[in-house]
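I have placed the structure first, in the form of structure tokens, so that the comments after it can refer back to it.
Throughout, read-outs are computed from the coordinates displayed, never taken from laboratory work. Please read these numbers as outputs of a predicted model, since none were measured by experiment. For neighbour counting, all protein chains shown are included, and Cβ atoms are generated from backbone atoms with ideal geometry for every residue, glycine included.
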Ligand SMILES: [Zn+2]
């Protein structure tokens, strides 16, 4: 198995190269922050599983060509029914029904489920049922935050963690893919923390709302109470998906600053946000979460 389009990640690539196609099992979990390359890795992995050549994906056979064009009949990507609303319960149930159908041409079907950690509790339970069936399909789940997934779902998957790029590696990739000025590229690389997709979003002026909110919030944490309160006030405007983005990104940023400074406030806030992130599975109100966060930070 190869991941030819994924930048960096030499350890993951070596681990996969050592596995026969059947070695990944019937459920794979690709884990890592947004922008790290999970979709790219999933596309390569799925194409590789369906490619009849040894050490696929070969990239040139009809199966690989259709997989990369998005027209392979046995490769199904679950999509949000509405942008920002996440994958719905009916879609997971439908996926179960589809997994019982015979594959069209490959020996099995491959289902990719992006943002598996954003599924709410009923959907995760429905997904668990799918994973418990005797498998004639392969399921590739993507997640940013493993802790937000049911342990029973996680334990059914073979997990592969993606790694951020080294700064030099990231700069080289960005210079190859972007026409922006070198100083703009350097600034984006600095902000992106080794995440190629994130750096490309920043260069394109398309940073996610929740990620920008996380940067504001983490910057406010080192200031006074009023600044923190105002940052939390802004959070009440987010949708649930954006709040999940905010939690994931804040946890990533706080881990970095806690490592750097050993700051107690970063560690406590990280732990609190991890709890809030886990609660999102139950669809609480974002306003209530943001209010509770403001109260928590005020007491720190
Ligand atoms: Zn091929």
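Brief remarks on what is shown
- Ordering 243, 229 by the number of other Cβ atoms within 10 Å of each residue's own Cβ, fewest first, gives 229, 243.
- Its Kirkwood hydrodynamic radius, worked out from the mean inverse distance over all distinct Cα pairs, puts segment 178-251 at 13.1 Å.
- Rounded if a/c under 1.5, otherwise prolate or oblate - segment 151-276, Cα gyration tensor axes: oblate
- Ranking of 118, 176 by count of other Cβ atoms within 10 Å, fewest first: 176, 118
- Computed extension gain for residue 163 through residue 94, at 0.36 nm per residue and net of the alpha carbon distance, reaches 21.6 nm.
- The chain: angle of helix 286-298 to the longest principal axis, Cα-based, in degrees nearest 10: 50 degrees
- 0 to 90° range, to nearest 10: angle between helix 89-100 axis and the chain longest Cα axis: 20 degrees
- Rounded to the nearest 10 degrees, the angle from helix 121-132 to the longest Cα principal axis of the chain is 30 degrees.
- Relative contact order of segment 1-125, taken over Cα pairs closer than 8 Å and 6 or more residues apart, is 22 percent.
- Most mobile of 184, 287, 269 in a GNM of the chain (Cα contacts under 10 Å): 184
- Taking 0.36 nm per residue of sequence separation and removing the Cα-Cα distance, the residue 300/residue 190 pair yields an extension gain of 36.7 nm.
- Rounded if a/c under 1.5, otherwise prolate or oblate - the chain, Cα gyration tensor axes: oblate
- Where only DSSP H runs of four or more residues are counted, the chain gives -16500 deg cm²/dmol as its mean residue ellipticity at 222 nm, each run worth -39500 (n - 2.57).
- For segment 25-172, the gyration tensor built on C-alpha atoms gives an oblate shape. Its axis ratio a/c (a ≥ b ≥ c) is at least 1.5, and a/b is not larger than b/c.
- Cβ crowding within 10 Å, taken as a proxy for footprinting-reagent exposure, orders 246, 111, 270 from fewest neighbours to most as 270, 111, 246.
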